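The values are calculated or read from the model by the stated rules, or taken from the named source; none is laboratory data. Here the structure is a predicted model, which is why all the values come from computation and not from measurement. Methodologically, a virtual Cβ is constructed for each residue, glycine included, from the backbone with ideal geometry; neighbour enumeration extends over all protein chains shown. Please note that ligands, DNA and RNA were not included when accessible areas were found on the heavy atoms of the full protein model with its side chains. Shrake-Rupley method; radii C 1.70, N 1.55, O 1.52, S 1.80 Å.
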Amino acid sequence: MIYKMNGKEMKKLLHDFYSTRYGKSIYVICYAVPFITFMVTMGMFLGLLVKGEANYVLIAIAFLCMNIFCIGSYFYYKELRVFAESRK
């Protein structure tokens, strides 16, 4: 079970999962969207910083970016747990 692993076992599991084609594709799917929304948020922030304006849309996008990251992380570690259970 994934919850009883120590740090060394967990690192090995993450490496084994990432070395599979499925693990790499899940990683890209789960973390590409949060990365892109983060970059858009930073671009908007820098644009508004130069103009000197405060915008509530930027705050909403920042919260959206954080939520997308949390959902992506949840899905990634859910798949990692399924991978760990299938190895036993």
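Key figures
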{"item": "Taking the C-alpha atoms of the chain, convex hull volume expressed per residue in Å³", "result": "105"}
{"item": "Lysines whose Cα lies under 28 Å from that of Lys88, excluding same-chain neighbours fewer than 8 positions away", "result": "Lys4, Lys8, Lys11, Lys12, Lys24, Lys78"}
{"item": "The range 10-88, dipole about Cα centre (Lys/Arg Cβ +1, Asp/Glu Cβ -1), debye to the nearest 20", "result": "420"}
{"item": "Heavy-atom accessible area per residue - the chain, 1.4 Å, Å²", "result": "76"}
{"item": "Efficiency of FRET from Cβ geometry, Tyr74 and Ser19, R₀ 30 Å, rounded to 0.05", "result": "0.85"}
{"item": "Options Leu49, Val28, Leu80, ranked by Cα towards positive dipole end of the chain, top entry (Cβ charges)", "result": "Leu80"}
{"item": "Fraction of accessible area attributable to carbon and sulfur, the chain (%, probe 1.4 Å)", "result": "70"}
